[in-house]
Amino acid sequence: MKKNKIIAMAGIVLAVVITIIIAVVMTKGKKQEGYVFDRNSKISMKDVRIYLGKSEFKADAAKDYFKKDTINSYTLKYFLFLDDKFKDSRNTEELLQSVRDYLNTVMPPDEADKLFTVYKTYVYYQRDVHDKMTTWGRPSTPEEAIDYLHKLQDYRRKVFGDENADVLFGPIVMLQEYPIRRGRIIGNQELYGAEKEKKLNDLKKDMWGDEADIVDNDTEPLDRYHEKLKIYQKDMAEMTSDEERQAKIRQFREELFTPEQARRLDDVDRSTADEKKNEEDYLAQENEIKNNNNLDADEKAQKIYDLQDQMFGSEAEAFRRRLVVEDELKQPKK
């Protein structure tokens with residue numbers, strides 16, 4: 001009886017151990033699929049703007065950037081400035097000496113020493129990370145790209161420490177991770193537009209938190225319009241009439257453009273449709289001429305030439321040049 005209890009207890013312990021192992025394995029797998037950085041990372045749009053160099057960063061204000069913290073939102077941007085300033089250094093030793101001397105001229109010695117120590121680590125990181133990247137291979141899918149960002153940031157954390165690596169590289173990772181995840185949603189051909197819109201809004205909130213409403217505000221209306229067409233690609237492909245599709249397009253244009261801009265787009269559509277119809281009419285008449293057995297080769301050529309003048313007017317020469325180029329492209333390569 002006692003033996004049975006021991007066996008039962010051992011079974012329970014083993015089951016618990018197996019459960020823990022499975023949980024750890026599953027957690028590790030999910031980590032690579034989950035966000036590298038999300039709204040809890042406290043990376044702000046200001047941090048991103050600093051990295052992008054939009055007004056917030058000024059290299060000659062370096063002495064003011066590092067009074068409190070050596071590693072902050074300005075550090076990586078400043079390192080990139082130093083890389084460029086001393087890009088003609090003949091080797092690493094010369095680069096580091098030049099940077100050390102320069103820092104001592106633009107900020108107090110204690111700040112210069114602390115910043116130089118981090119910059120030295122950064123220089124060797126730049127060299128070593130390329131070797132790591134070659135072993136990871138080039139990502140070919142959004143999923144692989146996210147996994148790649150995870151690996152890269154994990155390596156940075158080993159080099160700089162978790163907190164420092166996240167402060168240094170968080171903004172650039174967000175700039176890479178967010179469009180990858182957006183693109184994966186937009187390019188999903190199984191989802192309808194409304195589903196994509198919801199997922200895109202959820203993504204913004206997940207990654208940017210309280211700043212979600214200002215993300216993507218800099219996107220040009222025309223780019224947003226083309227993106228909207230991709231988002232609703234499945235919906236429009238399943239519409240049964242051209243009238244329904246045109247109504248949806250009109251809705252998007254009214255949402256994204258001013259009335260004048262929408263009118264101009266309509267004019268472009270009409271002009272494109274007219275040109276397409278004109279070319280279709282031309283090709284039909286050209287085909288009739290080519291198949292006319294009552295005309296010899298010279299007569300056919302002359303009639304086709306006259307037809308081009310008639311159908312395309314002042315654009316006839318440009319049309320003929322285009323045909324020549326298209327014929328050349330159809331020829332097999334030698």
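FYI, it's all coordinate maths here, none of it is from the lab. Quantities reported herein were computed from a predicted structural model and do not represent experimental measurements. When we count neighbours, we look across all protein chains shown, and the Cβ atoms used for this are built from the backbone with ideal geometry, even at glycine.
Simple rule: put +1 on each Lys or Arg Cβ and -1 on each Asp or Glu Cβ in the stretch 39-211, find the dipole, and look at Phe169, Thr117, Ala145; the Cα lying farthest toward the positive end is Ala145. When percent of Cα pairs over 37 Å apart is calculated for this entry, the matching label among [x] 32; [y] 25; [z] 51 is [z]. In the stretch 219-266, inverting the average of 1/r over every pair of distinct C-alpha atoms gives 11.1 Å as the Kirkwood radius. When Glu190, Glu197 are sorted by how many other C-beta atoms sit within 10 angstrom of their C-beta, beginning with the fewest, the order is Glu190, Glu197.
A full extension of the chain between Gln285 and Gln246 corresponds to an added length of 11.0 nm, given 0.36 nm per residue minus the alpha carbon distance. Among the trypsin sites (Lys or Arg not before Pro) within the stretch 125-229, not one is in coil by DSSP while having at most 14 neighbouring Cβ atoms inside 10 Å. Note on Lys42 and Ala237: the model spin-label points, each 7 Å out from Cα along the C-beta direction, lie 4.5 nm apart. Each Lys or Arg adds one and each Asp or Glu takes one away; over the other residues whose Cβ falls under 14 Å from the Cβ of Glu299, this sums to -2.
Counting Lys and Arg as +1 and Asp and Glu as -1, what is the net charge of the other residues whose Cβ lies under 12 Å from the Cβ of Ala165? My count for the surroundings of Ala165 gives -1. Amide hydrogen proximity for Met239: with H placed 1.01 Å from N in the peptide plane, no residue at 5 or more positions away or on another chain lies under 5 Å. Taking a span of 20 Å or more along the helix axis (Cα atoms) and a mean Kyte-Doolittle hydropathy of at least 1.6 as the rule, no DSSP H helix of the chain qualifies. Neighbour counts of other Cβ atoms within 10 Å put Val324, Val36 in the fewest-to-most order Val324, Val36.
Checking the Cα-Cα distances for Lys46/Lys228; Lys205/Lys234; Lys58/Lys85 against a 18 Å cut-off, the pairs over it are Lys46/Lys228; Lys205/Lys234. The relative contact order of the chain, computed from alpha carbon pairs under 8 Å that lie at least 6 residues apart in sequence, is 16 percent. Taking other C-beta atoms within 10 angstrom as a stand-in for reagent exposure, Leu80, Leu152 fall in the order Leu80, Leu152, fewest first.
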